[in-house]
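**Student:** Questions regarding the structure given below will be posed in turn.
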Amino acid sequence: MRELTAELRQGVTIPRPERPRRILTPDATAAERVQSEDPIRQPPEDAVFRLQDVGLWYGAKHAISGITLDIPVNRVTALIGPSGCGKSSLLRCLNRMNDLIPSARVEGTVEYHGADIYAKSVDPVEVRRRIGMVFQKPNPFPKSIQDNVVFGAKVNGIEGSSREIAERALKQAALWDEVKNDLKMSGLELSGGQQQRLCIARALAVQPDVILMDEPCSALDPIATLKIEDLIRELVKEYTIIIVTHNMQQAARVSDYTAFLLAQEHGLNGTLIEYGPTNEIFTQPREQRTEDYITGRFG
Amino acid sequence: MANQSIRLRAGGAVARRQLVSRASRYFFLGATVLGVSILLFLGYETIVTGASRLSLDFLTNYPSRFAEKAGLRPAMFGTFWLMLITIFTSIPIAIGTAIWIEEFAPRNRLMTIVKINLANLAGVPSIIYGILGLTIFVRFAGMDRSLLAGGFTLALMIIPMTVIASQEAIRQVPPSLRDGALALGATRWQAVRYNVLPNAIPGIMTGTILSISRAIGETAALLMIGGFTFIRFDPGPNLVDFADPAAFLAGLNESFTVIPIQIYAWSIDSRREFQANAAAAIIVLMVGVMALNLLAAVIRERFRRN
Ligand SMILES: Nc1ncnc2c1ncn2[C@@H]1O[C@H](COP(=O)(O)OP(=O)(O)OP(=O)(O)O)[C@@H](O)[C@H]1O
Ligand SMILES: [Mg+2]
């Protein structure tokens, strides 16, 4: 992991933030948790996404509100926070998947490379083509492995032989060696971890710019989880990745920036509490609530 | 103390619950046996009464005043053409409607009303559809008592239930498949075409076949629009008409009878020999329905395997 980071730094003007050496524990000394300044530190890198005061309503329910956030290019940004705080909702705002929920209504602006993705002239298909998504539960299509991978590429009119497209994407997703002799086998016959990597391959085959991952490892065992984490570190050389996770270790291992969201008391809307380099969030959080959450003292 | 055995025989509340559980099993078995045995009895009666009349002549003869000369030929032609018209008009409309409602329609009050009324329409007695067909197709559109008018009427009758069955099948497709496709940049139609429909087809087929089975046995609606009972020609286009669209259309405009109407006509005849004809015709109709079901099962399995 260390060497990988060093390798990644080459050719990038802005140095990648340090990964934390250890995670803050409840018995940390006062010096380790200096609390000062603004808890929200927008990254210095170019932003893929610029969120300005983004909120989301489900009918009369205000699920998230007032999220102002820059997502840096070619970095892994982790979204953490307790269940129900609106992480998935926020993620779905970024590729207009909330359009599919009839009651959902987005407020504020979500800029993607400077373009408002909720502008009237924007076609959600164009958005989703560039911003891929991997779901919490692996959802391969009931088709062959090759057809699974090729589906997105084909519907988007990407040229090339199916086999080559599948091979390239499966190699990127570190699944090729395990399935190269079974490309005609149904995707449903793979193990959970393989299915999730198949879904990642499927997203990569579309040649996206950003990949959104909603708890991609929650259904996987530790080995499969590590494989996906390694994969994420590998992919971030070429892609921007935003990952939702409940696993603090995972956020610390895999992400460069971390955003901590929290639904206010009494089930109110989720807001951004703290945002900054993962290293700082996990070792010197500026907000008491962040600290409570990452040290596991939160209810 | 160590080898004091605990009592694991069912007692008290567990025993009571098990009693209910066992009793329920016999109740459901009883319901099944009752239904199946009535069916078997009816089937047996029909076969015993009608088997002696089944012959090639019975299938190829025209109706006659003499029971032993009477045959099912025009009725079989009529049923064949009527079903063809019904299938080709109702299925595209019904499946298209179901797809639109489930995948494209806005979710508002109006759509809720439409959906409820579809269910109501499926429950309307068939004779009402007969009156509707008589008014719209026979009188208003001037189609007379033709195969086309009959086929369209039956199509009207089965569209609501085919729509409902197809909707149900489409809803059974896990939303994660649709979302997965859309998240990859597929358009709505691409997601429907490549991910929803292939997985809904087995269910759609089952529902469609049930509807068609109902149409194939329909009597009341067709009597209403005037299916004849005594016809001495073959309703529908003849083989040579296939080359000539005008002749083909003229064939579809011919008057008709169908197997269930023929069964009805024979069964209300007081003479015993005609009862046997009715039973034989029922056997023919049942074989037809079973063949349809078999076809549906084959199609279903094909889609399931892919
Ligand atoms: N389709 C929906 N309709 C109505 N309310 C919804 C919908 N989806 C989510 N919500 C509500 O929005 C809030 C945020 O939900 P969301 O799924 O974004 O939380 P989350 O942070 O992803 O939680 P988890 O960690 O459990 O996945 C919750 O209170 C939830 O009840
Ligand atoms: Mg979630």
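**Student:** What pairs in A:K137/A:K237; A:K61/A:K120; A:K120/A:K171 have C-alpha atoms more than 31 Å from each other?
**Tutor:** A:K120/A:K171
**Student:** Amide H of A:E274 versus every other amide H placed in the peptide plane: which residues, excluding those fewer than 5 positions away on the same chain, fall under 5 Å?
**Tutor:** The list, which skips near neighbours in sequence, is A:F260.
**Student:** May I pose another question? What's the longest uninterrupted piece of chain A once you rule out the trypsin sites (Lys or Arg not before Pro) that are loop residues per DSSP with at most 14 other Cβ within 10 Å?
**Tutor:** A:23-119
**Student:** By how many degrees, between 0 and 90 and to the nearest 10, does the Cα long axis of helix A:192-204 differ from the longest principal axis of chain A?
**Tutor:** So the inclination is approximately 80 degrees.
**Student:** To continue, here is another question. Averaged over all directions, how much area does the convex hull of the C-alpha atoms of the protein assembly as shown cover when projected, in nm²?
**Tutor:** 42.9
**Student:** Return the average number of partner chain Cβ atoms within 10 angstrom of each residue Cβ along peptide A:131-142.
**Tutor:** Numbers: counts 2, 3, 5, 2, 4, 1, 2, 2, 9, 3, 9, 8.
Shielding by partners across A:131-142 averages 4.
**Student:** So, by mean Cβ neighbours within 10 angstrom, what's the order for A:214-226, B:192-204 with the highest one leading?
**Tutor:** B:192-204, A:214-226
**Student:** Just to confirm my numbers, what's the Cα centroid distance between region B:1-49 and region B:89-143 in Å?
**Tutor:** Taking the Cα centre of each part, region B:1-49 and region B:89-143 sit 42 Å apart.
**Student:** Still on this model: Count the net charge of all other residues whose Cβ sits under 14 Å from the Cβ of B:V284, scoring Lys and Arg as +1 and Asp and Glu as -1. Could the numbers behind the result be given before it?
**Tutor:** On the way: positive: B:R53, B:R73; negative: B:D57.
Summing Lys and Arg as +1 and Asp and Glu as -1 gives +1.
**Student:** While we're looking at this one, here's another question. Cα centroid distance between region B:236-256 and region A:88-108, in Å?
**Tutor:** Cα centres, region B:236-256 to region A:88-108: 56 Å.
**Student:** Which FRET efficiency, nearest 0.05, do B:L34 and A:A60 yield, Cβ-Cβ r, R0 56 Å?
**Tutor:** It comes out at approximately 0.65.
**Student:** Would you mind giving the mean number of other chain beta-carbons within 10 Å of the Cβ of each residue in B:185-194, as a whole number?
**Tutor:** That works out to 5 on average.
**Student:** Kindly express, to the nearest 10 degrees and within the range 0 to 90, the angle between helix B:12-50's C-alpha long axis and the longest C-alpha principal axis of chain B.
**Tutor:** 10
**Student:** Out of all DSSP beta bridges in the protein assembly as shown, what portion is antiparallel? Express it as a percent rounded to 5. Show your work: numbers first, answer last.
**Tutor:** Details: 27 of 46 bridges.
Counting DSSP beta bridges with both partners in the protein assembly as shown, the antiparallel share is about 60 percent.
**Student:** Give me Rg over Rh for chain A, both radii from the alpha carbons and Rh done the Kirkwood way, two decimal places.
**Tutor:** A ratio of 0.97.
**Student:** Among B:L72, B:L177, B:L134, determine the one that fluctuates most according to a GNM of chain B built with springs between C-alpha atoms less than 10 Å apart.
**Tutor:** Judging by the Gaussian network model, the answer is B:L177.
**Student:** Once the piece of chain linking B:R7 and B:R171 is laid out straight, how much longer is it, given 0.36 nm per residue of separation minus the C-alpha distance between them?
**Tutor:** On the way: separation 164, 0.36 × 164 = 59.04 nm, distance 4.83 nm.
Stretched out fully, the B:R7 to B:R171 stretch lengthens by 54.2 nm.
**Student:** What does the net charge come to around B:I263 if you take all other residues with beta carbon closer than 12 Å to its beta carbon, with K and R at +1 and D and E at -1?
**Tutor:** -2
**Student:** Between B:D269 and B:S55, what length comes free when the chain is fully extended (0.36 nm per residue of separation minus the Cα-Cα distance, one decimal in nm)?
**Tutor:** That works out to 74.9 nm of additional length.
**Student:** Using the basic label-point model (7 angstrom from Cα toward the beta carbon), what is the B:R193 to B:A15 distance in nanometres?
**Tutor:** So the two model labels end up 6.7 nm from each other.
**Student:** Can you pull the mean other chain C-beta count within 10 Å for peptide B:170-183?
**Tutor:** 5
**Student:** To continue, here is another question. Starting from the Cα gyration tensor of chain B, take the square roots of the eigenvalues, sort them a ≥ b ≥ c, and report rounded, prolate or oblate (rounded when a/c is under 1.5, otherwise prolate if a/b is larger than b/c, else oblate).
**Tutor:** Since a/c reaches 1.5 but b/c is at least a/b, the shape of chain B is classed as oblate.
**Student:** Same structure again: What are the residues whose amide H is under 5 Å from the amide H of A:A219, where those residues sit 5 or more places off or on another chain and H is modelled from the backbone?
**Tutor:** For A:A219, no residues qualify.
**Student:** Next question. Go through region B:69-130 and name the trypsin sites (Lys or Arg not before Pro) that are in a DSSP coil and have 15 or fewer other Cβ atoms within 10 Å of their Cβ.
**Tutor:** B:K69, B:R107
**Student:** Filter the chymotrypsin sites (Phe, Trp or Tyr not before Pro) in region B:9-88 down to the DSSP loop ones having no more than 14 other Cβ atoms within 10 Å, then list what survives.
**Tutor:** Sparse-neighbourhood loop chymotrypsin sites (Phe, Trp or Tyr not before Pro): B:F66.
**Student:** Rounded to the nearest 500 deg cm²/dmol, what is the calculated helix-only ellipticity per residue at 222 nm for the protein assembly as shown, with -39500 (n - 2.57) per DSSP H run of length n ≥ 4? Numbers along the way, then the final one.
**Tutor:** Numbers: 24 runs with 305 residues, N = 605.
My calculation for the protein assembly as shown gives -16000 deg cm²/dmol from helical runs alone.
**Student:** Report the net charge of residues surrounding B:S24, where surrounding means a beta-carbon distance below 15 angstrom and charges are Lys +1, Arg +1, Asp -1, Glu -1.
**Tutor:** Residues close to B:S24 contribute a combined charge of +4.
**Student:** Please give the FRET efficiency for B:T135 paired with B:V240, using the beta carbon to beta carbon distance and R0 = 22 Å, rounded to the nearest 0.05.
**Tutor:** 0.05
The numbers here are math on the coordinates, done by the rules we state, and not lab data. These numbers come from a predicted model, not from an experiment. Positions of Cβ are backbone-derived with ideal geometry, glycine not excepted, and every protein chain shown enters the neighbour counts.
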